Amino acid sequence: MATPETRRRVSGPFWSVLSTPRIAPYLQVMPITAVFLVFFLIPVILVVVISFFDYQTYDILIPDFTLMNYQDVFSSSVTYETYWTTAKLSLIVWAVTLVLGFTLSYFLAFHVRSRSRQVVLLLLCTIPFWTSNEIRMISWIPLLGRDGVVNTVLQTMGIVKQPLEWLLYSKFAVVLGYVHLYTVFMIVPIFNSMMRIDKSLIEAAVDSGAKGWQVVLNIILPLSKSGLAIGSIFVISIVMGDFVTVNVLGGGQVASIGKVIVTDLSSLQFPPAAAESMVLLAFVIILIAALVKIVDIRKEL
């Protein structure tokens, strides 16, 4: 049992300052702020600094201030084409995963009545993440290859006479791999938004004579905007920086800025890789800012 003296110690001047309404919120946010500084802000600052360094064959980093690395990025037509190819792949993957994510989330939220079944089916979507990215991508090669399962079945059924070369080591294969990997990042936030929709709104709309597509367009879609925006941010940002899928399924036939950065790093050309990374980061931030401007995520959550 606490004595009066103990109570006076606990309620002393120091404790009173820490427990004031002005100080308490800052104390609560300090741990996440420390994590943000150590694992995000400081590494980004280091990359920015290195992007202005010079380099030579035997001197990996030469402390200097030069714009040569950024000039190489913006003066090369090949770099522009690579960024454009990466942007196109990201938009295609975003559109496909958006349709799949919305459809699957709608099915789970409004057609699966049991909460336990919803959880089980949602967990099934995470099965691909039980193995590494490389293994998941390599597993497509025996299916899509020239002598793979898909070509063998198509030739056996007489649908094609020659094996389809574009199934593997092409943009189609890269997009397929991305969709396989990242659709779940679209499903989870959309499903979370749909589960918070008041079912009485849908019942009222149906009782008023609204058809199914009208309910989806006028009620479910507007109320799922936050999930759509968050899922879009996840997919676009991850695809823009991915290089494993391009390496495995692209077969050297598909260019991406992530692959260029990895190539520079493997050649110990750190300043050019840092400059390309910062340009990519700025591009992704602009896309996210535009998306957030369309949908106010803070207001929707």
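Any residue at all in the stretch 197-217 that is in contact with a Ser or Thr (Cβ under 9 Å, 6 or more places away or on another chain) and aliphatic (A, V, I, L, M)? Break it down into steps so the answer makes sense when it comes.
Step one: filter the stretch 197-217 for residues in contact with a Ser or Thr (Cβ under 9 Å, 6 or more places away or on another chain), giving 197.
Those still in the list that are aliphatic (A, V, I, L, M) too: 197.
Yes, the stretch 197-217 contains a residue that is in contact with a Ser or Thr (Cβ under 9 Å, 6 or more places away or on another chain) and aliphatic (A, V, I, L, M).
In the stretch 139-176, what residues are buried (at least 16 other Cβ atoms within 10 Å of the Cβ) and outside any helix (DSSP H, G or I)? Those that are buried (at least 16 other Cβ atoms within 10 Å of the Cβ) and outside any helix (DSSP H, G or I): W140, G145, G148, P163, L164, L168, Y169, S170.
Listed conditions (1) touching a Pro at 6+ places or on another chain (Cβ under 8 Å); (2) farther than 30 Å from A255 by Cβ are all met by L104, apart from (1). Checked against the criterion of being within 16 Å of the chain's Cα centre (by Cα) and in contact (Cβ under 8 Å) with a residue 24 or more places away in the chain, the candidates V260, V284, V216, V295 yield just one match: V284.
Considering (1) open to solvent by less than 100 Å² (accessible area, probe 1.4 Å); (2) modelled with pLDDT of 75 or more; (3) within 30 Å of P271 (Cα to Cα), the lone condition that D59 does not fulfil carries the number (2). Per the conditions (1) within 29 Å of K88 (Cα to Cα); (2) open to solvent by less than 50 Å² (accessible area, probe 1.4 Å); (3) touching a helix residue (DSSP H, G or I) at 6+ places or on another chain (Cβ under 6 Å), the sole criterion not satisfied by Q118 is (1).
Sort through R146, R136 and tell me the only one that's farther than 30 Å from L221 by Cβ and touching a residue at least 40 places away in the same chain (Cβ under 8 Å).
Details: R146 fails: touching a residue at least 40 places away in the same chain (Cβ under 8 Å).
Of the residues listed, the single one that is farther than 30 Å from L221 by Cβ and touching a residue at least 40 places away in the same chain (Cβ under 8 Å) is R136.
Between F185, F172, which is over 19 Å from the mean Cα position of the chain (by Cα) and at pLDDT 90 or above? Only one candidate qualifies: F172.
Taking helices (runs of 4 or more DSSP H) as the structural unit, those lying wholly within the stretch 30-136 and holding at least 1 residues that are touching a Ser or Thr at 6+ places or on another chain (Cβ under 7 Å) correspond to 42-50, 68-75, 77-110.
The values are calculated or read from the model by the stated rules, or taken from the named source; none is laboratory data. Quick caveat: nothing in here was measured; it's all calculated off a predicted structure. Here Cβ is always computed from backbone atoms with ideal geometry, including for glycine, and neighbour counts include all displayed protein chains. Heavy atoms of the whole protein, side chains included, go into the accessibility calculation; ligands, DNA and RNA do not. Shrake-Rupley method; radii C 1.70, N 1.55, O 1.52, S 1.80 Å.
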